[in-house]
Amino acid sequence: MPLDQSFVGRSWPATEPYQVGREKIREFARAIGATDAEYHDPAAARALGHADVVAPPTFPVVITMAASRQIVEDPALGLDYSRVVHGDQRFAYTRPVVAGDELVCVNSVDEITSRGGHDFLTTRTEVSTVAGEPVVTVWSKLVQRGEH
């Protein structure tokens, strides 16, 4: 069954705030092998003009993957997650994510297309501080493989 095209343009309410912790950034950096000092050492981050340790560029996936459940778990969309593969991820930063940030996500569906028996779902997540300061926009493309 194809994905419901009426979801294109739909947005969801902002998620609950996510408190970005210094240790979460350090754990993520270690997990991906990012050794830059600003990801681990507050003094090194401050020397670069940041208030605390800076998150590696792909860190927002920690927040946005959880937030995207608003979309992918909606039964009306018709997504069979057992057939989904990750197709693409893109980040557009306004500023870096820093320990101490309190972030919320607003999810939207930008596009749903079908090609070769597969469905392509493009989501956009606007990540901002609880005060409304834009931080990063994250696009994700999920591919629901055909049933064959």
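Overview of values
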read-out: Selected residue (criterion: modelled with the lowest pLDDT) from residues of the range 97-128 that are in a strand (DSSP E or B) and of a type in the set (D, E, K, R); value: 115
read-out: Selection count, the range 6-16, where residues are of a type outside the set (D, E, K, R), loosely packed, with under 13 Cβ neighbours inside 10 Å and touching a residue at least 40 places away in the same chain (Cβ under 8 Å); value: 2
read-out: Residues within the range 61-84 that are of a type in the set (Gly, Ala, Ser) and under 18 Å from the mean Cα position of the chain (by Cα), tallied; value: 3
read-out: Flag if residue 71 is in a helix (DSSP H, G or I) and closer than 30 Å to residue 39 by Cα; value: no
read-out: Filtered residues of the range 12-49 (kept if under 17 Å from residue 66 (Cβ atoms) and outside any helix (DSSP H, G or I)); value: 12, 13, 14, 15, 16, 17, 18, 19, 20, 21
read-out: Close pairs from the range 101-122: first under 14 Å from residue 69 (Cα atoms), partner of a type in the set (Asp, Glu) and part of a strand (DSSP E or B), Cβ under 6 Å, at least 6 apart; value: 106/126; 122/110; 122/111
read-out: Residue in the range 82-97 that is surrounded by the fewest Cβ atoms within 10 Å (Cβ to Cβ), counting only those that are of a type in the set (A, V, I, L, M) and under 17 Å from residue 137 (Cβ atoms); value: 92
read-out: Filter pass, residue 64 being polar (S, T, N, Q), assigned to a loop (DSSP other than H, G, I, E, B) and out of contact with any Asp or Glu (no Cβ under 7 Å at 6 or more places or on another chain); value: no
read-out: In the range 100-111, the residues that are out of contact with any Pro (no Cβ under 8 Å at 6 or more places or on another chain) and either aliphatic (A, V, I, L, M) or surrounded by 22 or more Cβ atoms within 10 Å (Cβ to Cβ) (or both); value: 101, 105, 107, 109
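One line per residue, one yes/no per condition, for (1) of a type outside the set (Gly, Ala, Ser); (2) surrounded by 13 or more Cβ atoms within 10 Å (Cβ to Cβ); (3) touching a residue at least 24 places away in the same chain (Cβ under 8 Å):
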residue	(1), (2), (3)
22	yes, yes, yes
29	no, yes, yes
37	no, yes, no
50	yes, yes, yes
53	yes, yes, yes
58	yes, yes, yes
63	yes, yes, yes
71	yes, yes, yes
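The values are calculated or read from the model by the stated rules, or taken from the named source; none is laboratory data. Only a predicted model underlies this, so the values are computations on that prediction, with no experimental measurement involved. For neighbour counting, all protein chains shown are included, and Cβ atoms are generated from backbone atoms with ideal geometry for every residue, glycine included.
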